[in-house]
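Contents: one structure, followed by commentary.
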Amino acid sequence: MSDRWIANVSLASILLVSVVLFTVAQPASASPPESNEPASTSSSDESDPQLTIEDELLVEDTAPYLPDTQSTATKTSTPLRLLPASVSALSHALLRDRNALVLGDALTNVPGVNAQSNSGVHDLFFLRGFESLSSSLVMVDGAPEPEATFYQLYNVERVEVVRGPAGFLYGGNPLAGAVNMVRKRPVGGLEGRLSILGGSHSTTQTTLDFNYGRPDGHAGFRLNGLWQSSDGYRDDKASTVAAANPVFTFLAGDNTAVTVSAGVLRSDFEPDAGIPLLFGAVPDVPRERSYQTPFDFSDQDLMRFRVDIESRLNSRLTLRNKTYYTVLDWDSKGTLINGAFPNRQGGTDVFRTRTVLDDRQEFLGNQLDLLFSWETGSVTHNFVTGFELVQQTDDLRLDVGFLPSIDLFAPVETAPETDFLIPAFGITADATTTIVAPYILDEINISDRWRIFLGGRFDSIDFEDDASGTSSSDSQLSPFVGALFSPTASVSLYANYSEAFSPQSSTVSGSGREPEEGSQIEVGVKTEHLDGKLRAALAFYHLEKDKIAIVDATGVTAQIGDQESEGFELEIASSPRERLHWTFTYAYTDAELTRFTELDPFFFTIVDFSGNTPAYAPEHLASLWLSQRFQSGFGISGGVRYVSEQFIDEDNTFEIDAYTTLDALFSYEQPRWGARIHLRNLTDEDYAGRGFGSVSILPADGFNIMGGFHLNL
């Protein structure tokens, strides 16, 4: 491991120095970088909250194409260079250039993130070698989201990714990281955009963004809407999505702003377990072929309601309160592939089962935050203290049923619509989790060169599952210690140590459910040059987690593993000239299951897989994105992404080949209208993604195109 580590550190250092020298050599314009969006469609300032309480409520500004601040890691607007942690921020303009429709699209260019999907019905990603459902937290405006759905980006202003444990502010799940989607809020004036896109696989998408802010700045309203439909690139994989997000903001007194928002989303997808493997290889069948029954479906209804209140008591003291309610109803019936084997007639049978899911998840919570600053001599403290109370419920029923086999090379469907369930394989849960959690974070500015961050959150968790008759009470402390040293105004060196956990899961079998626990050590360097037009960050980390829940060979999820991951990540963002922006990311990940044993269902023996590589944890991930706008309104953007070999399950039975994809955008922008053409997978790369366990892979889409226009108010 040490030789590879040294070799890759050297490679990263060479890349960093080379890119810095290249950018410094370019002629720099005196003009500041411009947003990729026309001024009429600007949404907000990069700070959080997006409403500035001064003489008026609504302040409009132009968000940079490459954000240099964030609000997730500290709950305050903090420059990325002054954080002792790895944080990436993606602007709405950049996401729009990449045609990022769902969260997985946005994460493909974040270092250390391997974006996948689960059966084609919800977002799934692997961060620093750890799977997102149990080791990462997805949030909307700082409030936790239920598992699992496609997180639509039609109403998102920016996406922020904290890599490494974030439990010191957000509690359970963010051991590998936290992802926060910051939604659009009202801004001053009257503006709007109607966008219509269409393209491959009969895909159409219509989005609406309407905004009105009163002239006196005391109130505003914004409405975002989405309608999308597609036949999908695989056989019989049609989908529709409809969503709306109204937001109303008003002043309640001179120094208090209130924001009320609601969101509804209806999505209908057809699950996809992929193409079965045959003798450990991908069979020679069309990439579009599906082995699902015609009765499969996945219907989700998601509703969000938020009330945010911010009161600026004085220049040093701000009070915030967020009340949130989120509910996800998920009904699904899907085909699972259990393997492909030759039959006596000379053909090959694909063995299948059917899953029937009825799940309702509810999150009801309140976050109360107090932000204040004070000085003790020459030392300044920026302090965040808060208290969160949340109740999460999960009413789950998951059944497994019989399905007839189907021929691999000449499939003829014979499955009935009626479900023939296997009682022994059903899972039910009627779980309620109540969490009471105080938390603090103190940013101590000792001098212009030294900053110390001390934080922690204490979660008191009561878990009760009426379906299984189990209950437990646990308490978890998630500490964070960070230090940042700036030898010059353009360079920051940092180190941090943090711990986090994942609470008990209702999908884990047995009565001995325990929180999964982990910790991380990270060191890094951040630098800025050319008056902020060039930024780079390099981070080294060691992350480990105990009592991981893994789906074993019998299909049962149990806490049978420990995992550690170490590596480094490089991220460079630059706007060397007016309207020219580029980003480069590279991540090296060395992940290992330090403990993993399971029962072989055929020989009834215990097999030790300790030392294996976790699923979907490639050693190398790299991406480059370049965007150039011209004064005439024309624009061109493009990017390349490389993913090295990766195993599809913890048994390491099959390895997906490395692949490289190339995307491009051609656009034309005018104040009142614009047009664009998105080209994905230009080389028609034939590669694979996550299927179902160790028995299948999901072929990725080949070359595809989307194009359309938008109108501005």
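The values are calculated or read from the model by the stated rules, or taken from the named source; none is laboratory data. The shown structure was predicted, so the numbers you read here are calculated from the model rather than taken from an experiment. With ideal geometry, Cβ positions are generated from the backbone for all residues, glycine too; neighbour counts draw on all protein chains shown.
Looking across Arg183, Arg128, Arg193, Arg163, one residue alone is touching a helix residue (DSSP H, G or I) at 6+ places or on another chain (Cβ under 8 Å) and at pLDDT 95 or above. It is Arg193. Evaluating Phe150 against the criteria (1) at pLDDT 95 or above; (2) among the hydrophobic types (A, V, I, L, M, F, W, C); (3) in contact with an Asp or Glu (Cβ under 8 Å, 6 or more places away or on another chain) leaves one unmet condition, (1). With respect to being among the charged types (D, E, K, R), surrounded by fewer than 16 Cβ atoms within 10 Å (Cβ to Cβ) and out of contact with any strand residue (DSSP E or B) (no Cβ under 8 Å at 6 or more places or on another chain), Arg316 falls outside the description. Looking across Val327, Val400, one residue alone is touching a helix residue (DSSP H, G or I) at 6+ places or on another chain (Cβ under 8 Å), part of a strand (DSSP E or B) and surrounded by 15 or more Cβ atoms within 10 Å (Cβ to Cβ). It is Val400. For segment 237-248, filtering for residues that are farther than 19 Å from Tyr154 by Cβ and either of a type in the set (Lys, Arg) or surrounded by 15 or more Cβ atoms within 10 Å (Cβ to Cβ) (or both) leaves 1. Looking at the structure I just gave you, is Leu302 closer than 30 Å to Phe703 by Cα, among the aliphatic types (A, V, I, L, M) and buried (at least 19 other Cβ atoms within 10 Å of the Cβ)? For Leu302, the condition - closer than 30 Å to Phe703 by Cα, among the aliphatic types (A, V, I, L, M) and buried (at least 19 other Cβ atoms within 10 Å of the Cβ) - is not met.
At least 2 residues being charged (D, E, K, R) is the threshold, and among the strands (runs of 3 or more DSSP E) wholly inside segment 130-234 those reaching it are 156-163, 189-199. Looking across segment 249-296 at every residue that is surrounded by 15 or more Cβ atoms within 10 Å (Cβ to Cβ) and of a type in the set (Phe, Trp, Tyr), the one that is farthest from Arg183 (Cα to Cα) is identified as Tyr291. Hey, can you tell me all the residues within segment 414-427 that are loosely packed, with under 13 Cβ neighbours inside 10 Å and over 30 Å from Gly469 (Cα atoms)? Passing the criteria: Thr414, Pro416, Glu417, Thr418.
Counting just the residues of segment 642-700 that are in a loop (DSSP other than H, G, I, E, B) and aromatic (Phe, Trp, Tyr), which one comes out nearest to Arg98 (Cα to Cα)? Filtering segment 642-700 for residues that are in a loop (DSSP other than H, G, I, E, B) and aromatic (Phe, Trp, Tyr), the one nearest to Arg98 (Cα to Cα) comes out as Tyr687. Only residues that are at pLDDT below 95, within 23 Å of Val162 (Cα to Cα) and of a type in the set (Val, Ile, Thr) were counted in segment 518-560, giving 1. For segment 454-481, filtering for residues that are more than 30 Å from Tyr494 (Cα to Cα), in a strand (DSSP E or B) and free of Cβ contacts under 8 Å to residues at least 60 places away in the same chain leaves 10.
A Cβ distance below 7 Å, combined with a sequence gap of six or more or placement on separate chains, defines the contacts here; from segment 65-86, residues that are without any contact (Cβ under 8 Å) to a residue 40 or more places away in the chain reach residues that are hydrophobic (A, V, I, L, M, F, W, C) and assigned to a helix (DSSP H, G or I) in the pairs Thr69/Leu80. For segment 673-704, the set of residues classified as out of contact with any Pro (no Cβ under 9 Å at 6 or more places or on another chain), in contact (Cβ under 8 Å) with a residue 40 or more places away in the chain and over 24 Å from His201 (Cβ atoms) consists of Gly693, Ser694, listed by residue number. With respect to the conditions (1) in contact with an Asp or Glu (Cβ under 7 Å, 6 or more places away or on another chain); (2) buried (at least 21 other Cβ atoms within 10 Å of the Cβ); (3) small (Gly, Ala, Ser); (4) in a strand (DSSP E or B), Gly120 falls short on a single one, namely (4). The C-beta contact set for segment 132-145 (first residue farther than 13 Å from Phe363 by Cα, second residue at pLDDT 95 or above and among the basic types (Lys, Arg), distance under 6 angstrom, 6+ apart or interchain) comprises Asp141/Arg183. Taking segment 235-248 as the range and being part of a strand (DSSP E or B) and either more than 19 Å from Val187 (Cβ to Cβ) or among the hydrophobic types (A, V, I, L, M, F, W, C) (or both) as the test, the residues that pass are Ser239, Thr240, Val241, Ala242, Ala243, Ala244, Val247, Phe248. Close contacts from segment 284-304, counting a first residue that is under 13 Å from Arg266 (Cα atoms) and of a type in the set (Ser, Thr, Tyr) and a second that is surrounded by fewer than 15 Cβ atoms within 10 Å (Cβ to Cβ) and modelled with pLDDT of 95 or more, with Cβ to Cβ under 8 Å and a gap of 6+ residues or different chains, come to Ser298/Asp331.
Counting just the residues of segment 465-488 that are out of contact with any Pro (no Cβ under 8 Å at 6 or more places or on another chain) and surrounded by 18 or more Cβ atoms within 10 Å (Cβ to Cβ), which one comes out nearest to Pro84 (Cα to Cα)? Residue satisfying both the conditions and the ranking: Ser486. Look through Ser447, Ser498, Ser405, Ser475 and report the one residue that is more than 28 Å from Gly164 (Cβ to Cβ) and polar (S, T, N, Q). Among Ser447, Ser498, Ser405, Ser475, only Ser405 is more than 28 Å from Gly164 (Cβ to Cβ) and polar (S, T, N, Q).
Filtering segment 626-644 to residues that are in contact with a helix residue (DSSP H, G or I) (Cβ under 9 Å, 6 or more places away or on another chain) and buried (at least 22 other Cβ atoms within 10 Å of the Cβ) leaves Ser627, Ser637. Scanning segment 261-290 for residues being part of a loop (DSSP other than H, G, I, E, B) and over 27 Å from Ser200 (Cα atoms) gives a total of 3.
For segment 586-599, the condition holds for at least one residue, the condition being that it is of a type in the set (Phe, Trp, Tyr) and modelled with pLDDT under 90.
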